[in-house]
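All of the numbers you see were taken from the coordinates with simple rules; none came from a lab. Given the structure is predicted, the values throughout are model-derived calculations rather than measurements. When we count neighbours, we look across all protein chains shown, and the Cβ atoms used for this are built from the backbone with ideal geometry, even at glycine.
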Amino acid sequence: MTSPRPLPTPEQDAAVAPMINHPLQRQVFVCTSKSCSANGSEAVLEAFRASLMDEGLLFYKNNTQGAVHCSHCGSVGFCAIGPAVLVYPDGVWYAHVTPEDVPEIVESHLKGGVPVERLVRKRLG
Ligand code: FES
């Protein structure tokens, strides 16, 4: 058995990756792989970023107190029913999301904690 490789301490990591200590509450992942992109997922991602920015919720370098991190992701197997949107730590996977659905997801789920059931197709946990 090999000895464990040396790692920086959590404090050293937090000094170079300050988001470790920022008050994030949720992550939103929008699939931008081939099938979801063909169904408009880039516009869905931009709609999330714009809506979260308007609400002051988007975490980014100029708002490190934002509660929601939003990013693209690769295929999750919802290719035939995309665009796929995943919300964590809730483990809620949405399908068929359009830019028009985004304000409802932001208001109901990301602000209110209540998923938009008509678009939910999978739950983890
Ligand atoms: S391309 Fe988005 S889930 Fe497969």
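Numbers for the structure displayed
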quantity: Filter result (away from the ligand (no atom under 11 Å from the Cβ) and either in contact with a helix residue (DSSP H, G or I) (Cβ under 9 Å, 6 or more places away or on another chain) or among the aromatic types (Phe, Trp, Tyr) (or both)) within region 81-93; calculated: VAL87, TYR88, ASP90, VAL92
quantity: Among the candidates ALA14, ALA38, residue that is without any contact (Cβ under 8 Å) to a residue 60 or more places away in the chain, of a type in the set (Gly, Ala, Ser) and either touching a strand residue (DSSP E or B) at 6+ places or on another chain (Cβ under 6 Å) or surrounded by fewer than 12 Cβ atoms within 10 Å (Cβ to Cβ) (or both); calculated: ALA38
quantity: Residue pairs meeting the criteria (Cβ under 8 Å; at least 6 apart or on separate chains; first free of Cβ contacts under 8 Å to residues at least 12 places away in the same chain, in region 55-80; second assigned to a loop (DSSP other than H, G, I, E, B) and away from the ligand (no atom under 16 Å from the Cβ)); calculated: GLY56/GLY66; TYR60/GLY66; ASN63/GLY56
quantity: Subset of region 78-116 (residues that are assigned to a loop (DSSP other than H, G, I, E, B) and out of contact with any Lys or Arg (no Cβ under 8 Å at 6 or more places or on another chain)); calculated: GLY82, PRO83, ALA84, HIS96, VAL97, THR98, GLY112, GLY113, VAL114, PRO115, VAL116
quantity: From the options GLY40, GLY125, residue that is on the phi > 0 side of the Ramachandran plot and within 16 Å of the ligand (Cβ to nearest atom); calculated: GLY40
